[in-house]
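Enquirer: Attaching a single structure in structure tokens format; questions to follow.
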Amino acid sequence: MSTPPQSPESAPAAGALPRRIGLWSAVAVCIGSTIGSGIFRSPAGIADKIPGPLPLLAIWAVGGIFALCGALTLAEVASHIPQTGGFYAFLREGWGRLYAFLFGWGQLTIVRAAALGAIAITFAEYFLRVIGFDPTVAPYDQYARYVAAGAIFVTAIFNIVGVKWGTAITNVTTVAKFGGLAFIVVAALAIGLPKTGGHYTPLVPEGSFVLGSAGLALVSVLWAYDGWGDLSYVAGEVKDPQRNLPRALIGGTLAVIVIYCLANLAYLAVLPVEQIRVSKLVAADVAEVVLGRPGVIFVSVTVMLSTFGTLSAVLLTSPRVLFAMADDGMLFKPIAAVHPTYKTPYMAIALVAFLGLVYVLFLTFEKLADTFVIAMLPFYAGGVAAVYRLRARPGYVPRFRTPGYPVVPAVFLVSVAILLGNALMDEGSRVWTAGIFAVLLAGIPVYRIFVTRSRG
């Protein structure tokens, strides 16, 4: 049976998290969780897989459409179930406790640690570049990992101290990152394009589009777009959630799609695809061509603010999943502890941060990003598909309804099936993908032993 929506005006029960996140902060969380390392770090790997201007731009547009289909559907589900934990609550109400547990298990063992690691490494690389070191050569490549670990630690402290601190950092850095990215776009198109004439031809060079490679490139694009669902994790703390959650999810996702497509147009205006393929810090390289050293510093600071803000947003949102699970009796009860002074789920935040520290010290950015996306896709699919189950139940009256239903959710689900199938068939990623699924499926016996016995 579906859980009725919480009253947005009701006072939180003892040990609950109060509703303190308004509409703008909710939009900032959505945008801030999304614009992180992906648009600044992923273009090289994507261009390497599909080295043609038109395929490159098209893959970013396609990824945006998939993300929007997911966000439109999630807006409906979230308006009906505005509870802390987001996807965990959606999966539990739509498909049962085992699926919901596996989502939390994946978050605990793989997903959030990989996300934190990938974002933090990008922050560290740009930080080292600002202070005059090359993060791609020894020993600074190793130093980047230590800087990344320090960034995770600091943002965890901010979020433990309070939601207001966490959302304040997210709000400020969201303005900085969106504004900085917009500045790069304007500078590249207004100054760089007249100088270079752009690098848009030939539109589709021979060999620039191979279906298998395009699928892998789309995985990287979806990493850059990921974040549209993170707002749902703090749904239990959003004011007037039935109205504000759909507005923030859809508005934030649309804003990201527009700025991402413009950013890639701007990159190609200044750099040829061949150079983008080998540019790990593409935004900084574009700025250097257009504005010289001051441009590099500006962009690097922008990316630092962007990724630092995303770290804060991730540590604001994702620990709420573990908090909700523990509060629901599916993880150790201390993880659901609320700090007596700061009123935050401090144990869950500390746990997520610790796992992120471990991952960032041992895996590369590319491996972290791909791991996150592949591990999350089955749960994104389940959360979106829950709308079909919920609509079939009596008493289901969401504040927002998905336009284009049932086609819009179906488009998202088909995209997930194609991406997972491609990852399993590709020789280069097959073993790693199988390993990820093995870890996720290992949660089934854990559920049977830990949850079923503890309830029995």
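Enquirer: Computed FRET efficiency, Cβ-Cβ of Ile157 and Val358, R0 30 Å: what is it to the nearest 0.05?
Expert: According to the calculation, E is roughly 0.95.
Enquirer: OK, next. Rounded to the nearest whole Å², what accessible area per residue is found for region 35-79 with the 1.4 Å probe?
Expert: 17
Enquirer: Now a separate question. Using 0.36 nm times the number of residues separating Val407 and Asp134, minus their current alpha carbon distance, what extension gain do you get?
Expert: That works out to 93.5 nm of additional length.
Enquirer: Let me ask you something else. Just to check I understand the Karplus step: with θ = phi - 60° and J = 6.51 cos²θ - 1.76 cosθ + 1.60, what whole-Hz values come out for region 96-112, glycine and proline as x?
Expert: x, 6, 5, 4, 5, 5, 4, 4, x, 4, x, 4, 5, 8, 10, 4, 6
Enquirer: Something else now. Could you give the length gained on full extension between Tyr146 and Ala190, defined as 0.36 nm per residue of separation minus the Cα-Cα distance, in nm?
Expert: 12.0 nm
Enquirer: Using 0.36 nm per residue of separation minus the Cα-Cα distance, give me the extension gain between Ala442 and Ala417 in nm, one decimal.
Expert: Gain in length upon complete extension: 6.9 nm.
Enquirer: Find the accessible area per residue for region 228-347; the probe is 1.4 Å, ligands and nucleic acids are left out, and the unit is Å².
Expert: Per-residue accessible area for region 228-347 comes out at 30 Å².
Enquirer: Let me ask something additional. For Lys49, go through the lysines and keep the ones whose alpha-carbon is under 28 Å away, minus same-chain ones fewer than eight residues off.
Expert: Partners within reach: Lys177, Lys195, Lys280, Lys367.
Enquirer: Go through 132-139, 356-363 and give me the packing order, highest mean Cβ count within 10 Å leading.
Expert: Ranked from most to least packed, the peptides come out as 356-363, 132-139.
Enquirer: If you take the square roots of the eigenvalues of the alpha-carbon gyration tensor of region 293-450 and sort them as a ≥ b ≥ c, do you get rounded (a/c under 1.5), prolate (a/b over b/c) or oblate?
Expert: Because its axes are fairly even, with a/c under 1.5, region 293-450 counts as rounded.
Enquirer: Here's a follow-up. Tell me the carbon and sulfur percent of the accessible area for the chain, rounded to whole percent, probe radius 1.4 Å.
Expert: Answer for the chain: carbon and sulfur cover 70 percent of the accessible area.
Enquirer: Suppose only helical runs count, i.e. DSSP H with n ≥ 4. What mean residue ellipticity at 222 nm does that imply for the chain under -39500 (n - 2.57) per run, divided by all residues and rounded to the nearest 500 deg cm²/dmol?
Expert: -22500 deg cm²/dmol
Enquirer: Let me ask something else. Could you give the distance between the Cα centres of region 396-412 and region 89-152, to the whole Å?
Expert: Computed from Cα coordinates, the inter-centre distance equals 31 Å.
Enquirer: How large is the charge dipole for the chain, taken about the Cα centre, if only the Cβ atoms of Lys, Arg (+1) and Asp, Glu (-1) carry charge, to the nearest 20 debye?
Expert: 1260
Enquirer: Tell me which of Pro241, Ala61, Val130 sits at the most positive position along the dipole axis of the chain, charges placed on C-beta atoms (Lys, Arg +1; Asp, Glu -1).
Expert: Result: Pro241.
Enquirer: What does the charge count near Glu93 come to, summing +1 for each Lys or Arg and -1 for each Asp or Glu among other residues with Cβ under 11 Å from its Cβ?
Expert: Net of charged neighbours comes to +4.
Enquirer: Give the residue from Val439, Met376, Gly395 lying farthest towards the positive end of the charge dipole for region 365-445; charges sit on Cβ (+1 for Lys and Arg, -1 for Asp and Glu) and the dipole is referred to the Cα centre.
Expert: Projecting each Cα onto the dipole axis, the largest value belongs to Gly395.
Enquirer: Separate question: Can you check what the net charge comes to around Gly215, using other residues whose Cβ is under 11 Å from the Cβ of Gly215 (Lys, Arg +1; Asp, Glu -1)?
Expert: With Lys, Arg at +1 and Asp, Glu at -1, the neighbours total 0.
Enquirer: Can you work out the PRE-style zone for Leu54? Point 7 Å along Cα to Cβ, and I want the residues of region 182-226 with backbone N under 13 Å.
Expert: Output list for this probe position: 200-209.
Enquirer: Across region 116-133, in residue order, what do the Karplus-derived ³J(HN,Hα) couplings come to in whole Hz, using 6.51 cos²θ - 1.76 cosθ + 1.60 with θ = phi - 60° and x for Gly and Pro?
Expert: 4, x, 5, 5, 5, 5, 5, 4, 5, 5, 6, 4, 5, 5, 4, 8, x, 10
The values are calculated or read from the model by the stated rules, or taken from the named source; none is laboratory data. Predicted model only: the values in this text are computed from it and were never measured. With ideal geometry, Cβ positions are generated from the backbone for all residues, glycine too; neighbour counts draw on all protein chains shown. To get the accessible areas, we keep the full protein, side chains included, count just its heavy atoms, and leave off ligands, DNA and RNA. Shrake-Rupley method; radii C 1.70, N 1.55, O 1.52, S 1.80 Å.
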